[in-house]
């Protein structure tokens with residue numbers, strides 16, 4: 001998507017980052033993907049054997065480039081998690097593919113980067129508890145489904161009740177908001193929810209999906225947050241991690257504003273806030 005290249009250039013020109021802060025990720029390996037996904041599904045995606053109906057559910061046709069992009073998106077969130085353990089915070093300038101389930105993709109998501117990254121770090125013994133804090137306007141149904149029953153993983157999603165997916169999964173904590181919810185009520189609900197997350201999850205790593213789509217002028221959102229409200233949201237989530245000394249990896253997730261520059265600005269704010277609070281970027 002065009003927003004990703006624009007975001008990278010916006011951050012490069014901001015003066016807040018050195019060129020060495022930007023790193024191309026390695027693609028997630030098949031073995032890593034299979035820690036969160038059905039091996040048969042991973043194999044069918046790799047070989048281009050997903051059906052027309054499956055491609056329609058994902059939202060775009062199969063191609064070798066699609067597979068590579070999806071593997072690298074998962075690899076980038078994994079790399080951000082590893083960097084965050086060293087530096088406190090790191091950002092994947094893409095990712096947030098939270099609608100991908102164990103055995104199928106949907107909603108423009110092929111592989112679930114947060115679930116893959118969390119499972120890899122757990123398998124490696126780098127962490128013992130991971131919390132996924134999902135502030136995309138859509139529920140993270142794939143993440144909730146993959147992580148259900150795994151007590152090492154805590155999933156939290158705050159989203160528009162009436163938006164896609166219309167049949168929701170069950171996260172460890174779901175906060176459903178009415179259409180048109182504005183800054184004040186949103187931030188109040190988020191603050192209460194974060195207290196619950198940290199109290200019950202006791203994570204030693206957070207993966208934060210910082211969707212730009214709760215913005216009031218987003219084509220696929222139903223909430224009504226302003227630029228200032230989204231800044232306050234990012235400061236609240238990232239500040240909560242910083243104050244508790246919990247590493248946090250950020251993925252951009254969705255953003256479909258009528259003006260693409262608005263989406264890029266919102267995503268850019270997230271990275272700049274992370275830089276300001278943690279003193280470095282990735």
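Before moving on, here are some points about what is shown:
- Flag for residue 138 being out of contact with any helix residue (DSSP H, G or I) (no Cβ under 8 Å at 6 or more places or on another chain), surrounded by 15 or more Cβ atoms within 10 Å (Cβ to Cβ) and either without any contact (Cβ under 8 Å) to a residue 24 or more places away in the chain or closer than 13 Å to residue 214 by Cβ (or both): yes
- Within segment 166-282, strands (runs of 3 or more DSSP E) holding 3 or more residues that are crowded, with 24+ Cβ neighbours inside 10 Å and under 17 Å from the mean Cα position of the chain (by Cα): 205-209, 248-251
- Set 133, 116: member being buried (at least 24 other Cβ atoms within 10 Å of the Cβ), within 14 Å of the chain's Cα centre (by Cα), in a strand (DSSP E or B) and at pLDDT 95 or above: 133
- Some residue of segment 200-207 being on the phi > 0 side of the Ramachandran plot and touching a strand residue (DSSP E or B) at 6+ places or on another chain (Cβ under 9 Å): yes
- Enumerated helices (runs of 4 or more DSSP H) restricted to segment 23-100, each holding at least 3 residues that are in contact with a helix residue (DSSP H, G or I) (Cβ under 9 Å, 6 or more places away or on another chain) and at negative phi: 30-33, 39-47, 64-87
- Tally of residues being buried (at least 24 other Cβ atoms within 10 Å of the Cβ) and farther than 17 Å from residue 196 by Cβ across segment 144-157: 1
The values are calculated or read from the model by the stated rules, or taken from the named source; none is laboratory data. These figures come from a predicted structure and were not determined experimentally. Using ideal geometry, Cβ is built from the backbone for each residue, glycine included, and neighbour counts are taken over all protein chains shown.
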